[in-house]
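Have a look at the structure below before the remarks.
Every number in this text was worked out from the coordinates using simple rules, so none of it is lab data. Given the structure is predicted, the values throughout are model-derived calculations rather than measurements. With ideal geometry, Cβ positions are generated from the backbone for all residues, glycine too; neighbour counts draw on all protein chains shown.
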Amino acid sequence: MNTDRTRYFKFDWITIVLFFLLVGFGWLNIISASHTSDTISYFDLSQPYGKQTIFIFLTFALIILLLAIDAKFYERFSSIIYIVSMLSLVGLFAFGKNVNGATSWYAFGGMTLQPSEFAKAATALAVAKHISDLNTNINNLKDQIKTFIIIIIPALLVLLQNDTGSTIVYGAFFFVLYREGLPKIYLYLALFVVLISISALKFGAPLIAILAAIISITLYLINKKKHPLLQTLFIIFITSGLCFGVNFFYEHILQEHQQDRISLWLRLEKDPDKLEAMKKTFAYNLNESEKAISSGGFGGKGFMEGTRTTGKFVPEQHTDYIFSTVGEEWGFIGASFVVILFVLLLLRILHLAELQKSQFSRVYGYGVASIIFIHFLINIGMVMGLIPTIGIPLPMFSYGGSGLWAFTILIFIFIKLDSNRINEW
Amino acid sequence: MRQFLLFGSVILVGILFISRLFYLQIYSSEGHNLYEDNAIRAVYDYPKRGFVYDRNGLLLVSNQPSYDVMVTPREVEPLDTIEFCNLLKITKEQFIKNYDRARRYSPRLSSVFISHLSKKDYAALQEKMRKFKGFYIQKRSLRHYQREVGANVLGYIAEVNQNEIKKDGYYLSGDIIGKQGIEKSYEKELRGVKGVKRYQRDRFNRNIGSYKDGKYDTLPIPGKDITITIDAELQEYGEFLMKNKVGGIVAIEPQTGEILSLISAPSYNPNLLVGRKRSRNYTKLHNDSIHLPLIDKGLLRMHEPGSPFKTLIALTALQEGAIDERTSIRCSGAYYYGGSRPMGCHCGGGTRVLNNGISKSCNSYFANAFRKTIDKYDNATIGMNKWSEHIKSFGLGNYLGYDLSIGKKGNIPDGSYYDNWYPDFRWGATTIISNSIGQGEVLVTPIQLANMMAAIANRGYYYTPHIIKEIENDTIPFQYTTKHQTTIDRKYFDPVIEGLHDVYGPNGTAWFLNAPGIEICGKTGTAENFTKIDGERKQLTDHSIFVAFAPKDNPKIALAILVENGYYGARFAGRIATLMIEKYINRTITRKDLENWVLTYTLEHEYHKPFLGEPFEINAKSRMMTVEEYDALRKQIDY
């Protein structure tokens, strides 16, 4: 029964195929976005696409390794993996290399490694381990706080390294915790904060605060029993505090480029001259990216035929803005195809997670899906102007060894865990 | 239910992204347009514009280089405006004005910022061009006129305007197009086809290679050289003789319809309408409302033909059998008809037959011939229609169809024309008798008169007058090699031609204008003309008209001359005609005194008279004035 053949088929091939479709298509687009001459030499290490070829080859070795390790290893050693990973983040403060304002890299000779990418997988393991512990009850405030601490440590470390994008990714664990029974109040609170914050920024704090007060008082007047005065006053106080707090945060805490990005996203600037000027400064990337995608039309201009890609009009196109290459060269068809691949991959992982018999595997699977989802949401949303500019890569797609390997580890640990689910009993 | 939060979010975001893609790539996408993609720079290679040669192979028009500064507003980045303006030698206001104009045209497409830089400015600018993003230099070619003649024939080229761009997709802002003359008529042949090289550009505005290996690039096709029918020497001489006069000369080679010269006086140096000073000079020429130098008098001046029209009266009368060459009348110095006032005649009176009717230009004779032609038919409408058909077969009363873009139809009335005038149909030959002496309702242009003389010289046919003689590696349009037959039989021409020959005889109206060794046939003419001064119709000195062809047998040249307000036909037009003929046939002028006479006298005072606001005399009562006298007068009273 336990032959090599059945073992072989236990891996979820759908996930693996989706993974490689994304990696392969990503690779084609990296070639397009980074080639500088007409002759392409796939192993040319002086070119990003050449390096990416090597990264992809190394990925195979990594996958074999990940699948060869016993599934129990990941659960048993998750704490150690987490601690090592956190130490590697701390080590950056001493030995890190600064690239584009973020101290997120270790440099080994010509290669660089970004530990924050791997920290996501480590945190997912640690969270899974903690929640699946028989002694943990997520409805218990103490356990909630413990879980938050596991998540907040890497989030704070990367924030201190000025890598805001990666910090936001840790928000993904909200989905995991919610699935595992985090009280609904957190969801409502999160939705409330997001809604009020965005409205306050867009329409001005006083207006939203007054509006919230009017609604609360009306509710109080209609049903004094259901909405006692004290509760009403408390809500008014909290809402106004949030409104003005967000404004204060926006104007005094956020850095200028972050203000600009939010202002651009919420279309706070109305003066056409200033808008025109913005297109040449901080809105340049987004503007060029949207233009490139738009110019692709229905069928795209064809592989390596994108004029805006070839002209390098979109900066960072082979990394964070890789999706604009897809949009330009493969058109609506190709870009939708990528979106659908991601959606299918995410749904497949979620489906598998729900099938897991061990809570550890399920929580980890949820962690994987949440992390990939947040990347997918923020990256593609940003490239198309739906979300303020936040620099994080598109999983499996963007150029970069650390990112590719981190997602390989993230996904293939889950594939391994999943393959083992029959043996759980 | 908790598992559905992420599940649902994934599907929702997927749908949201695909909708956004749909909006960006399908709904609001303008598609990919090679012309508007600012990642692709098209660099145009303008071919050499074809040269123009005269009928004897003399080079008339060639090219000279010129440099335009182009701008693509969307790509312009903040620049050192002061330095840029200094390099271009313009003011800051001018900079702003030109920039706004370019932006209005299109922020995405390039258009001309400053045209026609001098070579020196170009050299200085070229080195610093890299500093000014969004601007580049486009080399173009300007015309260079080797000889300062024939401005009206050669026409000019200028930047295309918005209408022309809309009409013909070939042209882009800043392109050059022929606006007048042969430059316009043979624009397609002369311009060739511009070539284009497309470059892939990066965001720093650098060319990083050719776009798709030049798959969409084209090579320029050079413009064709053309040879025109103008005899530059004759043209030059005509313009020389027409100094200080307003009017036109059209000379045609009868056997081919080739226009030997087309003179519009006063003329101007065609080089004035080239380069940066073009628009200033153009305005100056345009605003000269006394001489109207931009109006081609040979093609556009409609006037009564006067006595030259009598040749056609004679020919139609002969063809209709209303008279024969022996038909005689007695002229008593006037022609009496109907109850009204008689028509005067200057022939001196006596017995008139066809021959001396023509040579002495007897009004009575032709009034009689005309009347007989019309009265031959039962009613005047039919007679007039028949007459009109004959006249029109000489190319009068409609556009001739020559290859210059401007012209006038003139007017040859027919029966229905007068039926409309006189709704009770109570009109007859005598009602419209002034047509018989080239007045009344008949209107012609000088080129129509010249063509009429060519048809007479050919004894009954003509080729549509044209300016094109040869197109490099091509044939000229067939309509210029197609014979047009008139409705008059060949045999009726000889007596008329004899009459025209006798105009130069001892008793003819041009007796003093014989050219040595050349048998000229000609006809004098005067045309009354009027102007309006403060709403009041006022008669001016008659136009001096002359038509001629020579030699009598095997004619080489037929011409018509209009000298505005030159008084009687022989005075200015006749003198110029004989000199032109001598120049063309003998290639040299022996009668220097005659030439001097033409050059000595000016008509400037005639042209200024109506504008002075004083009463004035005309015709014989108006004193002849030499150029010297006129200049002295001008100094005295500032005209």
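In loop segments of the stretch B:101-183 as defined by DSSP, the chymotrypsin sites (Phe, Trp or Tyr not before Pro) with at most 15 further C-beta atoms inside 10 Å of their C-beta are B:Y170. With the biggest extent put first, the Cα atoms of the stretch A:187-253 measure 40, 25, 16 Å across the principal axes.
If you average the sequence gap of Cα pairs under 8 Å that are 6 or more apart and divide by the length of the stretch A:187-253, what percent do you get for the contact order? Mind dumping the intermediate values first?
On the way: 48 pairs, mean separation 28.3, N = 67.
Normalised by residue count, the contact order of the stretch A:187-253 is 42 percent.
Starting from the Cα of A:K202, step 7 Å toward the Cβ, then list every residue of the stretch A:360-392 with an amide N under 15 Å from that point. Only A:386-388 pass the distance filter. The simple spin-label model puts a point 7 Å past each Cα toward its Cβ; for A:I64 and B:H286 those points are separated by 8.2 nm. A DSSP coil position with no more than 12 other Cβ atoms inside 10 Å describes the following chymotrypsin sites (Phe, Trp or Tyr not before Pro) in the stretch A:296-376: A:F298. Summarising the label geometry, the points placed 7 Å from Cα in the beta-carbon direction at B:M302 and A:I214 lie 7.5 nm from one another.
Fully extending the segment from A:E305 to A:I40 would add 94.0 nm, taking 0.36 nm per residue of separation and subtracting the current Cα-Cα distance.
When the Kirkwood radius is taken over all Cα pairs of the protein assembly as shown, what Stokes-Einstein diffusion coefficient follows at 4 °C and 1.567 mPa s, in µm²/s? Could the numbers behind the result be given before it?
Numbers: Rh = 37.3 Å.
Rounded to a whole number, D works out at 35 µm²/s.
Mean sequence separation of contacting Cα pairs (under 8 Å, at least six apart), scaled by the length of chain B, corresponds to a relative contact order of 13 percent.
In order along the stretch B:620-627, phi translates into HN-Hα couplings of 4, 7, 8, 6, 5, 9, 7, 4 Hz, rounded to whole numbers, per the Karplus curve 6.51 cos²θ - 1.76 cosθ + 1.60 with θ = phi - 60° and x for Gly and Pro. The trypsin sites (Lys or Arg not before Pro) of the stretch B:198-298 that DSSP puts in a loop, and whose beta carbon has at most 16 other beta carbons within 10 Å, are B:R203, B:R206, B:K215, B:K243. For the pair A:N139 and A:L355, label points projected 7 Å from Cα toward Cβ lie 3.0 nm apart.
Would you mind getting me the FRET efficiency between A:K97 and B:N207? Use the beta-carbon distance for r and R0 = 60 Å, nearest 0.05. Intermediate results must be reported in sequence, preceding the final value.
Values: r = 35 Å, r/R0 = 0.58.
In this case the efficiency is close to 0.95.
Shape analysis of the stretch B:232-631 yields a ratio of the Cα radius of gyration to the Kirkwood radius, Rg/Rh, of 0.96.
Once backbone amide H atoms are built at 1.01 Å from N, B:A42 has B:Y199 as its partners under 5 Å, excluding neighbours fewer than 5 places away on the same chain. Annotation: amide H of B:L540 within the under-5 Å range of B:N529, B:F530, B:T531, sequence separation 5 or more or interchain, hydrogens built in the peptide plane. Within the protein assembly as shown, A:C243, B:C85, B:C331, B:C345, B:C521 have no other Cys Cβ under 4.7 Å of their Cβ and so lack a disulfide-compatible partner by this rule.
Taking 1.306 mPa s as the viscosity and 10 °C as the temperature, the Stokes-Einstein diffusion coefficient of chain A based on its alpha-carbon Kirkwood radius rounds to 68 µm²/s.
Put simply, the amide H of B:L260, placed in the peptide plane, has neighbours under 5 Å in B:A251, B:I252, B:E253, leaving out anything fewer than 5 places away on its chain.
Rounded to the nearest Å, what's the spacing between the alpha carbon centres of the stretch A:132-159 and the stretch A:263-291? Just the number, please. The stretch A:132-159 and the stretch A:263-291 have Cα centres spaced 39 Å from each other.
Computed from the C-beta positions of B:R101 and B:K166, the FRET efficiency with R₀ = 22 Å rounds to 0.80. Over the stretch B:40-228, Cα pairs under 8 Å with separation of 6+ residues give a relative contact order of 34 percent.
Using the beta-carbon distance between A:E256 and B:E83 and R0 = 45 Å, what value does 1/(1 + (r/R0)^6) give for FRET efficiency, to the nearest 0.05?
On the way: r = 31 Å, r/R0 = 0.70.
So, using R0 = 45 Å, E works out to roughly 0.90.
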